[in-house]
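These notes are about the structure you will find just below.
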Amino acid sequence: MARSDRPQHLFSSLSSETLAVVAGRPERTPDSPLNVPITPASTYVAGGSLEYGRYGNPTWEAFEEVMGALEGGRAVMYASGLAAAAATLSLAPEGGAVVVPRHAYNGTVGLMQDAARRGRLEVREVDVTRPNALVDAAEGAAMVWIESPTNPALEVVDIAETAAAARTRGALVVVDNTFATPLVQQPLALGADVVVHSATKLLAGHSDALAGVAVVADDPTYELLEAYRRLHGATPGALEAYLATRGLRTLAVRFERAQDNARRLAEHLEGHEDVAVVRYPGFGTVLTFEPKGGATAAHRVTTASELVVCATSLGGVETSWERRRRWAGEPVTVPDALIRVSVGIEGFADLWADVAQALTRG
Ligand SMILES: Cc1ncc(COP(=O)(O)O)c(C=O)c1O
């Protein structure tokens with residue numbers, strides 16, 4: 001069981017960097033392993049608290065304990081980020097309105113649009129570059145879904161201000177914290193009700209596992225989210241839970257290094273003659289740019305790299321990029337030539353040499 005032997009009051013005084021390392025460890029008894037092992041179990045001997053593989057798993061619990069400590073709440077792990085989003089969306093009542101940035105991750109918006117088509121929810125997509133857009137649309141809404149920075153437009157909203165105003169209007173406040181991670185912002189402390197992550201990205205960090213998590217501050221919501229996982233079978237694999245927990249151990253150093261590379265890459269791109277626009281919110285590991293020459297040039301650049309991988313997804317140790325509009329589900333308000341770059345931890349000189357040669361060849 002992932003039950004830390006260190007008292008919880010100790011956790012409250014520790015930094016996020018330390019919590020990522022020490023939370024979710026087995027008890028310190030002689031010869032116990034330092035890591036909670038992978039438990040591949042579909043069922044358990046009757047009479048305990050777990051009983052069946054869809055109800056619980058010690059390897060999930062280790063990940064949940066670390067994420068709960070990092071986000072300051074109770075965590076429920078899911079099979080993917082979108083499974084965590086679906087579980088969280090189920091908290092909105094039948095027929096309720098959900099407010100969402102139009103440039104939130106297209107899978108999340110697609111999930112909401114699907115619920116709207118089925119008559120289950122109303123979706124209000126807003127342009128968060130307009131001041132107060134989320135709050136104005138929150139009137140009478142059941143849920144305000146914040147994604148900050150948005151994927152891929154990298155728009156940032158003031159979570160504390162938006163959460164306070166949305167809650168006054170009676171809406172449940174959700175924050176997708178995938179891009180920022182709890183190292184940058186802890187939405188529950190800023191007034192959000194639920195934090196969701198695609199743990200597939202920076203948390204697991206090595207492009208080898210799909211996972212998601214929702215973290216909440218209150219027990220009744222925790223019970224609903226845990227019941228959703230059980231009832232819908234949105235369960236993660238034990239191997240994925242292990243990989244995600246292992247990834248969390250190095251989150252702080254990976255993030256610091258990748259963020260440093262991202263800042264430098266944004267600066268270098270700004271000064272490049274073949275680049276028209278660069279967007280970087282000033283923190284995080286993702287940036288976007290548009291080469292001069294439009295979508296055709298963007299396609300050529302992203303396929304001309306040798307070090308940088310042309311692939312979707314983000315948050316791995318390797319730098320990857322893609323032209324986002326190659327996806328049919330991406331809104332047309334995302335520029336056709338926009339290249340989203342997920343910056344990794346390579347040596348910067350090597351990274352820039354490859355990006356520069358790809359720009360020249362593109
Ligand atoms: C911001 C954000 N949220 C949620 C998701 C969905 O996560 P997953 O792919 O793990 O289902 C993604 C995936 O790209 C994402 O970028």
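The values are calculated or read from the model by the stated rules, or taken from the named source; none is laboratory data. None of these values were measured; they are calculated from a predicted model. Positions of Cβ are backbone-derived with ideal geometry, glycine not excepted, and every protein chain shown enters the neighbour counts. Please note that ligands, DNA and RNA were not included when accessible areas were found on the heavy atoms of the full protein model with its side chains. Shrake-Rupley method; radii C 1.70, N 1.55, O 1.52, S 1.80 Å.
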Screening VAL184, VAL126 for residues that are closer than 28 Å to TYR280 by Cβ and within 16 Å of the ligand (Cβ to nearest atom) leaves only VAL184
task = Please verify whether the stretch 216-223 includes one or more residues that are of a type in the set (S, T, N, Q), in contact with a strand residue (DSSP E or B) (Cβ under 9 Å, 6 or more places away or on another chain) and assigned to a helix (DSSP H, G or I).
result = yes
Of (1) in a helix (DSSP H, G or I); (2) free of Cβ contacts under 8 Å to residues at least 40 places away in the same chain, VAL45 fails just (1)
When LEU134 is run through (1) at positive phi; (2) buried (at least 16 other Cβ atoms within 10 Å of the Cβ), the failure sits at (1)
Listed by first then second residue, the pairs whose first member lies in the stretch 101-118 and is open to solvent by 40 Å² or more (accessible area, probe 1.4 Å), whose partner is assigned to a helix (DSSP H, G or I), with beta carbons under 7 Å and at least 6 positions apart or on separate chains, are LEU111/LEU82; LEU111/ALA85; LEU111/ALA86; LEU111/LEU89
Cβ pairs under 8 Å, 6+ apart or interchain, first in the stretch 53-67 and open to solvent by less than 10 Å² (accessible area, probe 1.4 Å), second among the charged types (D, E, K, R) and part of a loop (DSSP other than H, G, I, E, B), ordered by first then second residue, are ALA62/ARG25
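Conditions tested, residue by residue: (1) open to solvent by 40 Å² or more (accessible area, probe 1.4 Å); (2) within 14 Å of the ligand (Cβ to nearest atom).
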{"position": "ALA165", "(1), (2)": "no, no"}
{"position": "GLY170", "(1), (2)": "yes, no"}
{"position": "ASP176", "(1), (2)": "no, yes"}
{"position": "ALA192", "(1), (2)": "no, no"}
{"position": "VAL195", "(1), (2)": "no, yes"}
{"position": "SER198", "(1), (2)": "no, yes"}
{"position": "LEU202", "(1), (2)": "no, yes"}
Of (1) away from the ligand (no atom under 16 Å from the Cβ); (2) in contact with a helix residue (DSSP H, G or I) (Cβ under 8 Å, 6 or more places away or on another chain); (3) not aromatic (Phe, Trp, Tyr), GLU267 satisfies every one except (2)
Of the residues in the stretch 204-228 that are charged (D, E, K, R) and either in contact with a Lys or Arg (Cβ under 7 Å, 6 or more places away or on another chain) or more than 14 Å from the ligand (Cβ to nearest atom) (or both), the one that is least open to solvent (accessible area, probe 1.4 Å) is GLU226
